[in-house]
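K.L.:
Okay, here's the structure, questions in a sec.
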Amino acid sequence: MKKSNETLTLSPDEMRQAGYQAVDLVVEHLANLESKPVTRRATREEMETLFREPLPENGSPTAEVLAKLEEDFCTNIMHLDHPRFFAFVSSPGNFVGALADFVASGFNVFAGTWLESSAAAEIEMVTIDWLKELAGFPAEASGLFVSGGSMANLTALAVAREARLKNDFSNAVVYCSEQTHSSIDRGVKVLGFAPNQLKKLPVDEHFRLRSGALKTAVKKDREQGKKPFCVIANIGTTNTGAVDPLSEIAEICRAENLWLHGDGAYGAAALLSPKFERLFEGVSELDSLTLDPHKWLFQPYSAGCVLVREGDLLRKTFDVSPEYLKDAGGRDDEVNFFERGVELTRGFRALKLWASFKVFGAQAFREAIEHGVDLAEYAEKFLRSLPSWQVCSSAQLGVITFRFKPAELNENEANAVNASLIPKIIDDGFAMLSTTILNGKILLRMCIINPRTTERDIADTILRLERMAKSEKDEFLKS
């Protein structure tokens with residue numbers, strides 16, 4: 001029987017050997033990713049067979065455990081970093097970010113207090129300042145890294161509630177468009193608002209919030225004795241990549257003393273590129289902004305970020321100082337990030353973005369973002385050249401929606417055929433897309449942000465879809 005390892009340590013040689021094995025596994029994955037299937041549909045029964053076991057009483061050699069991961073885990077996940085993964089919003093990742101995560105985990109960095117990791121706090125502040133500069137936020141703005149867009153939006157909503165409402169929010173109202181991400185619904189629920197306190201307003205033909213509808217809704221609610229206090233503006237919606245008219249909305253918010261939060265979890269990374277400067281006019285007037293480095297800044301999961309214009313509000317909202325954290329206090333210029341958000345225990349998420357910017361430089365990120373936008377426009381042009389396809393929302397910030405609609409199919413039939421394509425795509429494994437619904441129509445949606453994706457990937461995926469769609473149509477019309 002193997003002797004127990006009660007110190008939970010490996011020898012230096014064992015650690016190096018395991019590390020080399022793990023690095024080789026990741027490098028092989030990244031080097032050969034394009035030739036792998038994007039998808040892998042596994043049943044619960046298959047997974048139970050592979051992984052279900054009692055808690056191991058005795059350990060196994062590290063090499064065996066890593067081999068188990070390589071054989072059974074790595075072959076039973078979708079590859080969201082694959083150049084033909086176009087579903088939802090992918091996370092292309094990068095190897096430098098993964099290395100940074102390894103270092104942060106290896107040193108077991110606690111990124112909550114200055115006392116325990118002053119270097120981590122400084123790197124997070126510097127990286128936050130880089131993002132503040134991109135957004136045009138003032139020097140007194142602040143922010144922090146969180147798990148993702150959902151937590152960033154929740155954090156911003158909590159600050160908005162504290163800044164505008166204090167403890168009286170029973171009659172308050174939050175406004176957003178009907179295209180706003182579901183994390184806002186979840187956030188207002190977690191913060192104790194009733195469902196009717198979140199008002200979803202209509203969008204225009206480009207799926208942007210109608211500023212006139214916002215102005216009318218605020219006026220009506222004030223007349224009814226309600227208390228409007230916050231507006232959520234979209235900076236790259238998940239469905240279509242739409243950016244709300246930020247300057248128009250900001251003007252309304254200033255006049256009505258409303259907090260303006262920008263949900264840029266997807267699209268705000270494009271602030272790096274001057275090509276989209278006009279699209280983002282007004283972003284510097286936001287009171288808070290969400291962005292997700294694990295999306296269009298190409299970081300491994302998880303890395304979200306929230307910025308707040310009046311930086312002191314983060315601490316005013318979240319600072320709770322129990323007696324057992326008294327020793328964590330220090331000089332006024334020492335930053336304790338646990339005082340600025342929900343989490344006391346915090347991993348060092350900022351390191352991977354800091355390291356990636358240091359290794360590749362902002363210009364490389366700028367070109368990678370522009371590459372995704374160009375590819376979405378290429379996809380739109382390619383689809384418009386095919387008579388059986390309809391483009392339903394033009395390429396915006398790397399996102400395009402479309403559907404198969406030959407003349408012989410009515411609307412209901414077209415919906416059925418388009419919905420049937422996703423299971424076929426998953427089983428096929430060549431690419432991955434997702435569906436959405438706009439104006440009552442079931443559509444296919446491509447989000448094209450991986451810098452390793454090529455025009456050939458786009459064309460081959462669309463042509464493969466066309467073959468599947470025509471086959472499905474023929475089967476459907478026979479039945």
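The values are calculated or read from the model by the stated rules, or taken from the named source; none is laboratory data. Note that this is a predicted model, so its numbers are computed, not measured. Here the Cβ positions follow ideal geometry from the backbone for every residue, glycine too, while neighbour counts run over all protein chains shown. Ligands, DNA and RNA are stripped out before the accessible areas are found, and what is left, the full protein with its side chains, is counted by its heavy atoms. Shrake-Rupley method; radii C 1.70, N 1.55, O 1.52, S 1.80 Å.
K.L.:
Could you tally up the Lys pairs in the range 271-419 with alpha carbons closer than 20 Å? Skip any pair fewer than 8 positions apart unless they're on separate chains. If you can, show how the numbers build up before the last one.
P.N.:
Values: Lys275/Lys295; Lys275/Lys381; Lys295/Lys352; Lys295/Lys358; Lys316/Lys326; Lys381/Lys405.
Lysine pairs meeting the criterion: 6.
K.L.:
Same structure again: Please sort by residue number the chymotrypsin sites (Phe, Trp or Tyr not before Pro) in the range 96-203 whose DSSP state is loop and whose Cβ has at most 15 other Cβ atoms within 10 Å.
P.N.:
Taking the range 96-203 and a limit of 15 other Cβ atoms within 10 Å, the loop chymotrypsin sites (Phe, Trp or Tyr not before Pro) found are Phe107.
K.L.:
I need the trypsin sites (Lys or Arg not before Pro) found in the range 294-341, filtered to DSSP loop residues with at most 10 other beta carbons within 10 Å of theirs. Present the calculation step by step, with values, prior to reporting the outcome.
P.N.:
Values: sites: Lys295, Arg309, Arg315, Lys316, Lys326, Arg331, Arg340; in loops: Arg309, Arg331.
Passing both the DSSP loop test and the Cβ count: Arg331.
K.L.:
Residue farthest toward the positive end of the dipole of the chain, with Cβ of Lys/Arg at +1 and Asp/Glu at -1: which of Pro195, Met15, His181?
P.N.:
So the residue furthest toward the plus end is Pro195.
K.L.:
For the full complex of protein chains and a 1.4 angstrom probe, list Glu256, Glu205, Glu122 by accessible area with the highest value first. Can you show the working numbers first?
P.N.:
Values: Glu256 60, Glu205 130, Glu122 85 Å².
Greatest to least solvent exposure: Glu205, Glu122, Glu256.
K.L.:
Further question: Return the sequence-ordered ³J(HN,Hα) values of the range 165-181 in whole Hz as given by the Karplus equation 6.51 cos²θ - 1.76 cosθ + 1.60 applied to θ = phi - 60°, using x for Gly and Pro.
P.N.:
10, 6, 9, 9, 10, 5, 10, 7, 9, 10, 10, 7, 8, 5, 9, 5, 5
K.L.:
Taking the DSSP beta bridges in the chain as the whole, what percent of them are antiparallel, to the nearest 5?
P.N.:
That works out to approximately 60 percent antiparallel.
K.L.:
Starting from the Cα of Lys68, draw a straight line to each of the lysines and keep only those under 20 Å, dropping any in the same chain fewer than 8 residues away.
P.N.:
Output for Lys68: Lys2, Lys36.
K.L.:
Given Asn108, Leu50, His82, which one lies farthest toward the positive end of the charge dipole of the range 1-114, if we put +1 on the Cβ of every Lys and Arg and -1 on the Cβ of every Asp and Glu?
P.N.:
Of Asn108, Leu50, His82, it is His82.
K.L.:
List the trypsin sites (Lys or Arg not before Pro) in the range 140-206 that DSSP assigns to loop (not H, G, I, E or B) and whose Cβ has at most 14 other Cβ atoms within 10 Å. Which are they? Intermediate values should be presented prior to the final figure.
P.N.:
Values: sites: Arg161, Arg164, Lys166, Arg186, Lys189, Lys199, Lys200; in loops: Lys166.
Counting only loop positions with at most 14 other Cβ atoms within 10 Å, the trypsin sites (Lys or Arg not before Pro) in the range 140-206 are Lys166.
K.L.:
Is the shape of the range 264-340 best called rounded, prolate or oblate, per the rule: a/c under 1.5 gives rounded, else a/b larger than b/c gives prolate, else oblate, with a ≥ b ≥ c the square roots of the Cα gyration tensor eigenvalues?
P.N.:
Prolate, since a/c reaches 1.5 and a/b exceeds b/c.
K.L.:
Accessible area per residue for the range 404-444 in Å², computed with a 1.4 Å probe and the full protein assembly in place, what is it?
P.N.:
With all protein chains present, the range 404-444 gives 41 Å² per residue.
K.L.:
Can you compute 3J(HN,Hα) from phi for each residue in the range 225-239, using the Karplus curve 6.51 cos²θ - 1.76 cosθ + 1.60 with θ = phi - 60°, rounded to whole Hz and x for Gly and Pro?
P.N.:
x, 7, 10, x, 9, 8, 10, 9, 9, 8, 10, x, 5, 5, 5
K.L.:
Additional query: Give the lysines reachable from Lys220 as a straight Cα distance under 26 Å; neighbours fewer than 8 places away on the same chain don't count.
P.N.:
Cross-link targets: Lys166, Lys189, Lys199, Lys200.
K.L.:
For the chain, return all DSSP H helices satisfying: extent of Cα atoms along own axis at least 20 Å; mean Kyte-Doolittle hydropathy at least -1.0.
P.N.:
12-31, 118-135, 149-164, 362-384, 411-428, 455-478
K.L.:
Accessible area, 1.4 Å probe, largest first: how do Tyr324, Tyr301, Tyr378 sort?
P.N.:
My answer, sorted largest first, is Tyr324, Tyr301, Tyr378.
K.L.:
Which one is right for this structure if Cα extents along the principal axes in Å is calculated from it: (1) 72, 52, 40; (2) 64, 57, 53; (3) 72, 70, 44?
P.N.:
From the options (1) 72, 52, 40; (2) 64, 57, 53; (3) 72, 70, 44, the structure gives (3).
K.L.:
Express the relative contact order of the chain as a whole percentage, based on alpha carbon pairs under 8 Å and six or more residues apart in sequence.
P.N.:
21 percent
K.L.:
With each run of n ≥ 4 DSSP H residues scored as -39500 (n - 2.57), what mean residue ellipticity at 222 nm is computed for the chain after dividing by its residue count and rounding to the nearest 500 deg cm²/dmol?
P.N.:
The helix contribution divided over the chain gives -13500 deg cm²/dmol.
K.L.:
Take Leu154, Leu99 and sort them by solvent-accessible surface of the protein heavy atoms, 1.4 Å probe, largest at the top.
P.N.:
Sorted by accessible area, descending: Leu99, Leu154.
K.L.:
How much of the pair distance distribution for the range 327-479 lies past 19 Å, counting alpha-carbon pairs only, in percent?
P.N.:
Details: 7385 of 11628 pairs.
When all Cα pairs of the range 327-479 are counted, 64 percent exceed 19 Å.
K.L.:
Please calculate the 1.4 Å probe accessible area of Phe360, with all protein chains present, and give it to the nearest 10 Å².
P.N.:
100 Å²
K.L.:
Sticking with this one: Lys227: which aspartates and glutamates have alpha carbons under 13 Å from its alpha carbon, excluding same-chain residues fewer than 8 sequence positions away?
P.N.:
Excluding near neighbours in sequence, the set is Asp168, Glu256.
K.L.:
Please report, as a whole percent, how much of the solvent-accessible surface of the chain comes from carbon and sulfur atoms (probe radius 1.4 Å).
P.N.:
The C+S portion of the solvent-accessible surface of the chain is 53 percent.
K.L.:
Nearest 20 debye, what's the magnitude of the dipole of the chain about its Cα centre given +1 on Lys and Arg Cβ and -1 on Asp and Glu Cβ?
P.N.:
Roughly 1360 debye for the chain.
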